[in-house]
Structure formats: C-alpha cells, structure tokens
Amino acid sequence: MNLLRITKAVAVAAILLSAGEAGAQSKYYFPEGNFDPKVPTPESYLGYEIGTLYTRHDQLVAYLKELARTSDRVHFEVIGKTYEERPQVILTITSPANYAKLESIRTEHLAQVDPSKPALPAAAPVVVLLGYSVHGNETSSGEAGILTAYYLAAHQGEETKKWLDESVVLIDPALNPDGRDRAANWHNSYRSFPNSTDPLDKEHVEIWPNGRTNHYLSNLNRDWLSATQIESQNRLKFFHKWYPNVQIDFHEMGANSTYYFEPSPKRTQSPIVPQSSYDFNATLAKYHAEALDKIGSLYFTKEQFDNLSPIYGSTYPDFFGAVAATFEQASSRGLATEAEYGVLTFPFSIRNHLLTGLATVRGAVAEKAGLIKLQKEFFQSALTQAKAYPVKQWTFGDARDQSLTRAFLELLLEHHVKVYENTSSTTIAGKYYEKGKTYVVPADQPNFRIVHSIFEETAPLGDSLYYDNTSWSLIHAYGLQYSKQNAATARGAEVTALPEVKGGVNGGVSKEAYLLQWSEYNASRALSSLLESGVLVKSAFKTFSAATAGGVQAFGHGSLVIPVAGQSFSADSLYKAVVKAGEFSGLTFSTVTSGFSVGGIDLGSNNVKALRKPSIAVLFGAGTNNEEAGQVWFLLNQQLNISPTKLDIASFPRAPLGRYNTIVLVSGSYAALDKPTVARLKNWVAEGGTLITFKNAIDWSIAQEIVNEKLVVDSSDAKLRERIDYVTQDVTEAARRINGGVFIADIDTTHPIAFGLHNRKLFLTKNSQTILQPSRNKYANVAIYEPQSYVGGYVSAKNKARINNTAAILVSQQGQGKVVSFADDPTYRSYWHGTDRLLINAIYFAHQISLGAPSFGAAHEEEEEL
C-alpha cells in the first residue's frame, strides 16, 4: 500500500515537473499569487492538482458552486440540462457593485441592437463570454475554465479589480457536458503511474465514438445556426439575453501543433460581416500574443479555420456585433504525450488556454470603448446593408405542411428574427401562400445578417481551402416553400410566439375510416404512434378525393388511411388511438362515412397498401461515421419516438437479422464484415428486408454485389502526369474534395420515397465523393441531379460538372427486398428536413415499392389462374 502511494505521488510530481514546478501547481499557473484565502483553490476543493486528473462534470459544477458561495464576485446559474441530465451552467463574474444592478446593465446592453437608441455611456461594462469544451474530448479548455473562474473570483490585484469593475464575464465551463464526461472517464480509466507518453497508448486513443460529440453524437460546434440539439437551444436562449461584445471558443488540435488564435485568413471571412469586426480580432490578438510570449509559448495566426458561416461558436456571435474567435491548443489527449518537439503535458495545454482567456478579459477592458462602438455600428450598418439589398422580404410557409412551417418559424424566433403574419392569401411565381398559415420576414431589420444567412445562398467563393461545409441556407435545408420579393408588401402583426396546435380527429367516431395527409412533416409521428398502438394503417399510393366531416378534400400520394374494418380492437378503441396519434403529432385526422371516393381511387383499392411496423437496426461502431449514425438515431428517437437497435459492427456477424426489417448503413468502412456476413446480409435483403445506404456505403454495397448499380468514375489519368508546385498542394487537393455544397435535383413526387412532396425541385447538401450513375431501371431513379445542379458553397468546376445529371437517390429490387441508395447524407446534421423525410419514407414505404412489374391486385391474379 505504501508503495502504491509513493508511485502515485511520483507520477503527480512528474507531470508538474515537466510543466515547470513540482508540487506547487498554483505557482505554475499563477506565479504571482495574491489570492483571497477565503476562496478555495481548485486543488484544495477537488483533492487533486489541476492537470493531474481529468475533472468530471459533476466535480466541475460542484467547485463552481463553491466559488459562488465563497466569493461575492461570482454567481452561478443553470440554463438547462443535456440529454443525459447533466446541468448546463453559467458563471457570471463581475464586481459586487455591477451585480447589484446587473439586470439594468443587461437591458441597457441589449438596447444596442436598436439603432435608434443612444449609445451606451462610457462607464458601461463590456461583456465577455468564454466558452469551453464544445468538443468534449478537447479537455484542456474545461480545466482552464476552472482556473480562469478561480482567478477572477479570488485574485486581489488592482488590475483584476479594474477588470471586474469594467466588465461582465460570462463563463460557460462545459458546452458539451455529456461528451466531456465520456472523454474524462476514458482518460482517467486508462492513465498510468508513471504516465505513458506513447501516443498509441490506450489512454491517448479513444474508441468510437469518442468524447467529441454529445449524447446523439452531434457536433455541437456546427449547431449554433441549426440549433437541433437541446444543448444548443438552451445556449441560444442565454446568448440572446446578453449579446456579448467578445466571445471566445476554446478548442484543441493535433499534438504536433502549437497554439492558434485569430485573426483568421481573409479568404475565410464572410462577405456580409463588416471588415471592422474581423479587424478587431487583430486588435485583441496583441493581448493574446503578449500573454503567450511571456512564457515562450509558440503560436500561429491567419492560416486556417473558417470564419465564413454562423454555424460555429466562434462565428455566430460575429453576426450579432461581437468579436468572436477560435482558440486552438495542441492536445495531449491524456496527461502527457510525445510530440515532434518533445513531451506535451496536460498542464502545459491548460496553462496556455488559461493565459489567453485572461488576456481576452484584459484586452476587452482596455479596448472597451472600441468594442461597444463596433457593436453599435454593426446593427446600424445592418439596416443600411438591408436597404441596399435587392431582396426586401422573404415569404415562407405552406398550408399543406403546417408542422414544418411551424418548426421553421420556431427556429427564426430562436434567432430573434422579426417575423410577421401574412395578411392576405397570395400567389408568388406559382407558389400559393395562404393567409394565416404563412409568414413574412423583412430584410429591413437589425438582424438582417442572420436573416441573410438563413434564406440566401452562399456568396460566390473564389478559394478552395475551407475547413468545412460552405453552404448552410436553412430554408433550402428545410425544403419549405418560400419566395424572395424585391418589393416589400403589407404585413400583419409581428409574431412573437408559436401558434398553438392541438391535433385530434375532426368528425368523431367513424364507421368507415380516418384519413391524414402525408404532406405534413409530422404525419410520420402520427404513423409511428398508430403502428406502436397496433393499429392497421394503410397508405394511398395514388391520389383521391373524399367527402370528410370538413367537406370534400383532396388527398395526395402517401396519405394515411386507417380503416375501421380489419382492426384487432373495437371502433371506440381505434378512435382513441387515432386521437392519441393526432395529439402526439399536432395534426388533425378527418373522418369519412363512405369508402366510395369523390374522385380517384376508392379506399378499398389495391393501391391503398398496408404498412408494416418498422424494426430498425443502424450499424454503429468502429469504421462507421459516428455523426451520421447519431443523426439517424436522433431522427428516429426525436421525430418518430422509435428506438432503433444501435447494432455494433463487431456484433453484426452474429446478429439475428430476421428480427429487423430495415437496416441502415451510414457512410464509413465496412471492410470488417467478412464474406459469410455479407452473404447473410444479401440473403436478408432477398427475403424482403430494406437496406438503406448513405454515401460511400453505396460504394461498398456495389463492390459486394449487394446492389447492381454503378458509380461515376473519374477515368482521366492526366492528373497522374501533372507537375504542380509543391507550395500549392493544399489548395490543389482541397479543390478535389467535396466538403459541402448545395445542389438541386429533380425528384419524382409520385415515387413512394418522395411521398409528401409537391415540388419536383429538391435541395440536397453534397459532401461526399460518391457519384452514382442513374439506374438502368427507369422506375428506380427517385431523384436525378439537374443538368445545371449547383446552387451554392465551394465546389470545383470539375466536380460540379461530374455531379450534373447523376443519381441522387435510387431504389433497387433485390429478390423480395429493396436497397435504397442515398448518394448524400439525407439526415445531414439533423436539420436537412427536406431529405430526412425521404429517409422516413424509405423506412415506411420501400417494402411496398414495385419496380417495373405492374400490380393488378389479387382479383386479377385469381382471374389469370382461372
């Protein structure tokens, strides 16, 4: 036992020795001392030195609560909970005098959004938000957040007191608590005594899916604009309570790097954000450089990381007048690891983030007047920019899909976009907008720049070297009807709250059937509820009109038909199940009194086909794209209230495939599946299963002869003989990738995969190299990219040409089963609802698709036998 204690003490000392101090951690991080002894240090409260162990989220929260208890500078609040019920917390740190009038400070600060209001007085504090660990396994930042909070809470120097008098510092210590704990538990579980610095040691190599993402494996640092995850929604509510002047997003990168802070490269800056906002990054950079120069820590700027779109924590605030930045620190991915320049330790990584965070506060206070002026002028120039912009308003919404219209309205309100009621029914360029069910968004508003990001395509981009997707238009992603208008029209009252929805049944108990339009995005929620209740549900594969309690209605492809006959329970029980489904989905079913339709097919037609309850497996695990797998899981959980089997790829060879009728393969590598396993999968499809593949999972399925389709192959070998200057290789190779662009395809709206759509123009986001040839089966081509398919985002001219006229979505018949191939990710980042509804269609309708063999029904078949 004594030996174990000695070994552990030596290990702790070794870490701190490599950082510069043995057994005196506070001196390593804070060599000058001068702290209030009433405020506990992190190590005295937690029982270990910061940097010698990964701090769990519950420990982090407990310590921050203790800071609030012991320091009158610190105030603790919970802004929400994650999917795993961990609290999302914020520390507000300022002088006691400021805190006594904090609400008036906040409301005065928010008034800067209104260009007509006077500028803030010179005495007004600057607002700084420091956000840590949005990527959960970039963990040095969270530890730095603890130390930053301690310093601001306890340091007694005059400069620190001045900071707190002249600023309100908001600390979000863990933007991704679930992912952070996943990473912390991994690193703590595999740490050694003494430390292993081998980069291949298990401590440094997290297994799939690692701690980068949240519970649903979503990258929260791409979710600020789309706000699909609960963490993002909670954070947006807090952000819009303050509109900080400065916001820093702390990250990590590869161990062989040094430290990155902004300014960013000019080529990655948004053309709609004032240059003055980006220039101010250079002003603050001198404070960051000074802090790192003092300790001899190397860094770089202006080389990488996008500042183009408002999807990141370091860019979204730019669209609201802040100076926002990404800080990236080389990661030890454990307590210590070998790097090109020696051993990189966890304390060293923590200290760099600590110093740049404090330098940010120092710089914000010193440059307070300029920052406040910048934000005031930002909203004023937004109005000027809006007046000069050719589009004066956007009208959106569809009476046929009020659930998706409502979801988009909710997102606009989350971003504090001004939205107004549409006062009169109107038709714009062939699109009908019904009064009371559609909305108007004017360009002429202080938040014009975020409105532009939501509704407009990306401005033309000349460079190829981008870190991520360069197209993000939310209106295209939702697939929702909208129109741009070059003249403003009369508008109704401002919309400040979502319209109330109830759902249920119109017409009471039916003796015949209940009907629901499939054009509603939330019709899938109603279907899921009905099938879960054991209700027999059918779908109309052809259109019809029926006399309902609300009058004659036209019902489109995919409309749900719930017959009273043939159910396993009474008419009253069926009615209750339908009401429950209506309330769950927020939609209203219609009753009919006769199966004889006013027009089109009758309800007893063989074109009204029974749907099966899905039993879904999604392959998870090493090799698969964890974010895409998480997106499918999220869609099925949150939209359909279905729990798929998250089937690990290592378990797949022994899985009883017969218990599933649908299997989803997201992109990734499936090389681990051996020939007998592939043969079992092929047999499962042939026996009636539905296999759904994304992106390069299609490549694999073609190579394994699971599906008989073909890829578009770049046959040119000229590039093998090219001679290109070495210095240009980054730009040249980046141009060959397809990081993400919006394209448009023609979709067959009569095809079951497209049921519910009215517009043949389908917007897709393409971020893969998988390019599919159209199928030889003329009924299998669900969606084909148009001859001029490119819409926005950086994609090279060569790749644009390769994508034109290729297949976006195919359905293939394999025995009794189907293979549905999505050349792109239909669930892209959980906000591309225009295509994720097509995945839902594939799950529910694919087994009833007929490709090329006309179905005349059972009656005709019996006649043939006679």
_As a quick test, which of the pairs 117/484; 38/302; 237/431; 237/294 have an alpha carbon distance above 32 angstrom in this structure?_
38/302; 237/431; 237/294
*Which value results for Rg/Rh of the chain when Rg is the Cα radius of gyration and Rh the Kirkwood radius based on the inverse mean 1/r?*
0.99
*Would you please give the residues with an amide H less than 5 Å from that of residue 589, counting only those at least 5 places away or on a separate chain, with H modeled from the backbone geometry?*
504, 505, 506
*Helix 402-414 versus the longest principal axis of the chain: what angle, 0 to 90°, nearest 10, using Cα atoms?*
10 degrees
*Ordered by residue, what ³J(HN,Hα) values in Hz, to whole numbers, does region 334-350 give under the Karplus form 6.51 cos²θ - 1.76 cosθ + 1.60, where θ = phi - 60° and Gly and Pro are x?*
x, 7, 6, 8, 6, 10, 4, 9, x, 8, 9, 9, 4, x, 4, 5, 4
*Carbon and sulfur %, accessible surface of region 214-298 computed with the full protein complex present, 1.4 Å*: 55 percent
*Modelled label-to-label distance, residue 282 and residue 648, 7 Å Cα→beta-carbon offset: nm?*
5.3 nm
*To the nearest 20 debye, what is the magnitude of the charge dipole of the chain about its Cα centre, counting +1 on the Cβ of each Lys and Arg and -1 on the Cβ of each Asp and Glu?*
960 debye
*Residues with amide H under 5 Å of residue 255's amide H, sequence separation 5 or more or different chain, H placed in the peptide plane at 1.01 Å from N; which?*
331
*Which percent of Cα-Cα pairs in region 400-517 sits in each 5 Å bin, short to long?*
2, 8, 17, 20, 18, 11, 9, 7, 4, 2, 1, 0, 0
*Provide the per residue accessible area, probe 1.4 Å, for the chain, rounded to a whole number of square angstrom.*
38 Å²
*Taking a point 7 angstrom from the Cα of residue 256 along the C-beta vector, which residues in region 278-307 have backbone N less than 20 Å away?*
298-301, 303-305
*Of the listed pairs 695/800; 376/418; 646/710; 710/778; 373/418; 542/710, which have alpha-carbon separations greater than 22 Å here?*
646/710; 373/418; 542/710
*Pop out the carbon and sulfur fraction of the accessible area of region 129-198 as a percent, whole number, probe 1.4 Å.*
45 percent
*Find the Rg to Rh ratio for region 139-265, where Rh is the Kirkwood radius over alpha-carbon pairs and Rg uses the same atoms.*
1.01
*Taking GluC sites (Glu not before Pro) that fall in a DSSP loop and have at most 11 other Cβ atoms within 10 Å as cut points, what is the longest piece of the chain between them?*
86-302
*Under the rule of -39500 (n - 2.57) per DSSP H run of 4 or more residues, summed and divided by the residues of the chain, what mean residue ellipticity at 222 nm is obtained, to the nearest 500 deg cm²/dmol?*
-10000 deg cm²/dmol
*In region 448-579, what percent of the accessible surface is made up of carbon and sulfur (1.4 Å probe, ligands and nucleic acids excluded)?*
50 percent
*At R0 = 60 Å, FRET efficiency that the Cβ-Cβ distance of residue 103 and residue 202 yields, to 0.05*: 0.75
*Could you tell me which of rounded, prolate or oblate describes region 476-554, using a ≥ b ≥ c as the square roots of the eigenvalues of the alpha-carbon gyration tensor, with rounded for a/c under 1.5 and, failing that, prolate when a/b is larger than b/c and oblate otherwise?*
prolate
*Report the calculated FRET efficiency for residue 593 and residue 457 (r = Cβ-Cβ distance, R0 = 45 Å), to the nearest 0.05.*
0.40
_Global geometry of region 610-707, whether rounded, prolate or oblate, following the gyration tensor of its Cα atoms and the 1.5 cut on a/c_ = oblate
*Return the FRET efficiency for the residue pair residue 779, residue 294: r is the Cβ-Cβ distance, R0 is 56 Å, and the value is rounded to the nearest 0.05.*
0.20
*Please work out the Cα center distance from region 213-232 to region 425-451, rounded to the nearest Å.*
28 Å
*Under 16 Å from the Cα of residue 161, which lysines turn up, not counting those fewer than eight places away in the same chain?*
368
*Please give every one of the aspartates and glutamates within straight-line cross-link reach of residue 613, meaning a C-alpha to C-alpha distance under 15 Å, and leave out same-chain neighbours fewer than 8 residues apart.*
532
_Packing-based ranking, highest mean first, of 150-156, 345-351 given that Cβ atoms within 10 Å are counted_ = 345-351, 150-156
_If you average the C-alpha positions of region 535-600 and of region 99-176 separately, how far apart do those two centres end up, in angstrom?_
55 Å
*Cα shape, region 191-294, gyration tensor, a/c 1.5 rule*: oblate
_How tilted is helix 140-154 with respect to the longest principal axis of the chain? Cα atoms for both, answer in degrees (0 to 90, nearest 10)._
50 degrees
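The values are calculated or read from the model by the stated rules, or taken from the named source; none is laboratory data. Just so it is clear, the model here is predicted, and its values are computed rather than measured. Every residue, glycine among them, receives a Cβ derived from its backbone with ideal geometry; neighbour counts consider all protein chains shown. Side chains are part of the model used for accessible areas, which takes the heavy atoms of the whole protein and leaves out ligands, DNA and RNA. Shrake-Rupley method; radii C 1.70, N 1.55, O 1.52, S 1.80 Å.
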